[in-house]
C-alpha cells in the first residue's frame, strides 16, 4: 500500500479560460500592485459557472420535486459535493447521448455494482476534458446526458455527479440547441444549425429526444408526458436540461467541466473533495476539485498538459 496523494481535477483558471457560448469573458484587474503599493491584490469579474464549477438547484429551477422552493448554494449540506467516489469510464461515440446502458457498462469496467453507488460521488470520464478549449468540438459536439441518465442516477441514489464536459446535459438539451429562453441553435462546422446537423447524422427520431415540439410531433403528447411529464408538472420545460433538473430537483448536486488529471482515476475509487464558497443565495460556484487516492492505485498516465490560452 502506497502513500495517499492528491490529484487535481480542475481546469486552470485565467481570463482566457474557455467558457460557455453566451458567458461573459472573465475580467481580472489589479486593485494594488507590488511596484506601487507593495502588495498584489487582484479582483475578478466573471460568471460563477466558468471553468470547473458546481451547480445548486436554484440555478435551473424554481421548485424541486418535493414541492419546495429550489435551494440555493448556502442551503446545501457542506459536504454535498464531497465523499467516497468512483470514476466511470464512459465509452460513447462523438456527440452521443449517454444512456443508462453506457453507465452500467462503465460500472462493469470499474468493478462496481450500481447498487453500490448510493451516497457516492460519481465522476464521468467521457474524454471530453481532454478537448477543453474555446472550440465547437468541446461545446457544440460534446457527448452528454439527458433525462434517462438523470433518472438512473436518482434511482441509484448517488450523492453528486461530476461531468468532464460542458454541462450535465448533452449540448442539444441546452440553449445551444432548440431549448431555453434564448434557443441559440448555434451554427455548426458545416454552416448549418447543429440541430439540423444532428438530425442528418443520427436521424429525426434521435434528434427528437432534445426537442419538445419534435418529440410530440413524432411520438405524441402521451409519450412525451411519460418521459418528461414529472418535469413539466413542477413547471420545467422537459427537454431543456432535463438531467440537471432530475438531479438537482432530487437534491443530487452536479459539477461541470471536471478536468485536470482525471485519466489517472478512470475505473478507480477514491475520496473526492469539492467545496463551493459559502455564498448566501448563490446559484453555483467555481470550485477546486481534488481526489485523494493511494499512489499505487493510480493509472500510469502523464500529467495533463494544457494548450489553450497560452498554457
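All of the numbers you see were taken from the coordinates with simple rules; none came from a lab. As the structure is a computational prediction, the values presented were derived from the model and not from experiment. We place every Cβ from the backbone using ideal geometry, glycine too, and count neighbours over all the protein chains shown.
General observations
- The lone criterion from (1) assigned to a helix (DSSP H, G or I); (2) surrounded by fewer than 16 Cβ atoms within 10 Å (Cβ to Cβ); (3) in contact with a helix residue (DSSP H, G or I) (Cβ under 7 Å, 6 or more places away or on another chain) left unmet by residue 189 is number (1).
- The numbered conditions (1) in contact (Cβ under 8 Å) with a residue 12 or more places away in the chain; (2) out of contact with any strand residue (DSSP E or B) (no Cβ under 9 Å at 6 or more places or on another chain) are all true for residue 108 except (1).
- The number of residues in region 155-186 being surrounded by 16 or more Cβ atoms within 10 Å (Cβ to Cβ) and part of a helix (DSSP H, G or I) comes to 3.
- Candidate set: region 282-302, residues that are touching a strand residue (DSSP E or B) at 6+ places or on another chain (Cβ under 9 Å) and part of a loop (DSSP other than H, G, I, E, B); chosen: the one nearest to residue 3 (Cα to Cα): 298
- Sole exception among (1) touching a strand residue (DSSP E or B) at 6+ places or on another chain (Cβ under 7 Å); (2) surrounded by 15 or more Cβ atoms within 10 Å (Cβ to Cβ); (3) closer than 24 Å to residue 85 by Cα for residue 259, by number: (1)
- Complete set of residues in region 111-149 that are farther than 22 Å from residue 193 by Cα and assigned to a helix (DSSP H, G or I): 114, 115, 116, 117, 129, 130, 147, 148, 149
- Of all residues in region 241-281, those satisfying the criterion of being in a strand (DSSP E or B) and over 23 Å from residue 144 (Cβ atoms) are 269, 270, 271, 273.
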